[in-house]
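Values quoted throughout were computed directly from the atomic coordinates according to the rules given, and no laboratory measurement underlies them. Because the structure is predicted, anything quoted here is derived from the model rather than measured. Because the Cβ atoms are built from the backbone with ideal geometry, glycine has one as well, and the counts that use them run over all protein chains shown.
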Amino acid sequence: MAIFDLFSKRQKRLRGEVSDVYQYDKLPQRLKVQVVHIVRDTVGIERQYNELTNGVYNQIHKVLCKEYGVFSLKQNEYSNFAAVYDHFLAEENTERCLDIIELSFKIIDTYVRDQDYRFRHAEGVSQNSDDAISELNSRFKEANVGYQFESGELIRVDSQYLHSETVKPVLYVLGSNKHYAGANDEFLSAHEHYRHKRYKECLNDCLKSFESLMKAIHDKHSWKYQPNDTAKKLINSCLVNELVPEYLQNQFSSVRILLESGIPTVRNKEGGHGQGTEITSVPEHLASYTLHLTATNLLFLAKCEEKFS
């Protein structure tokens, strides 16, 4: 279903009441209601005879109950849809609300997409999976809530420009190449840690993803390396094998320094070794910087590999 640019929205923009600053700790009730509309418009209305739609809501409810260690999200509800989404609308814990959004759209992105022809004829369905995900992401932006559903997961967004120019393209490149499955999984894991404010773990997975991509490129081209080679050795091997063209290395003499002193150094200094007698804390802005630096470097190397082939 299309998003309408209502008169009231246009007036808010004209008055400068639309903020470009994202928030992450609270989901506006309006957004939560819009999410329920999107899910229902994509999966359909729960009816006694509608096994296809009923099965989706039953699965969502069942998974959440099992993970949360309860028998029902809301007692005495007449349907799985009501149990899940009435609970969602009343829930004040933002992370649990995001759990429900992510799980719902994971199923929309996979099962509902695979059964598109059948869902198209289900009662109450007015849009497909692509439309649903696109609308969800637009509603997040509209509400100034810094999350987007990408590559089957909710990703925290600090800057829309950085997300559209680095994170989104690298997720596409990694996700569409079977050789990069490991790097993709670790990069998504870094985002998951970042969303849950586990910043040390985020730095560790950033480095793992960076190293995994270089190892995958080595494997693809049968370049020799040792499984325990550090990022520095892998970077050196990539340059020796002219993954980055020689003319580019000469033009940008700092490429090696940039790659070597970026992700590995930050991770080793802040999250990679024992912290000793004092508890070290990785600040959010450093984790954000490392995450986006990783995305930039992954995209750079992956694009170099495309040209190399």
Shape call, the range 24-149: gyration tensor on alpha carbons, a/c limit 1.5
oblate
In Å³ and rounded to a whole number, note down the convex hull volume per residue for the Cα atoms of the range 58-108.
72
Hey, fewest Cβ within 10 Å first, where do Phe7, Phe210 land in order?
Phe7, Phe210
Give the Rg (one decimal place) followed by the Dmax (whole number) of the range 92-183, computed from C-alpha coordinates and expressed in Å.
14.6, 41
List, in the order given, every pair from Lys74/Lys168; Lys32/Lys66; Lys141/Lys307 whose Cα-Cα distance in the structure shown is over 31 Å.
Lys74/Lys168; Lys141/Lys307
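With a 10 Å radius around each residue's Cβ, average the other Cβ atoms per peptide and rank 232-241, 74-83, 89-98, 37-46, highest first. Please list the in-between numbers first.
Working: 232-241: 17.1, 74-83: 15.3, 89-98: 13.7, 37-46: 21.1.
Averaged packing, sorted descending, gives the order 37-46, 232-241, 74-83, 89-98.
Sorted by packing (mean other beta-carbon atoms within 10 Å per residue), highest first, where do 60-72, 163-175 land? Kindly include the intermediate steps, with their values, before the conclusion.
On the way: 60-72: 13.9, 163-175: 19.8.
The packing order, highest mean first, is 163-175, 60-72.
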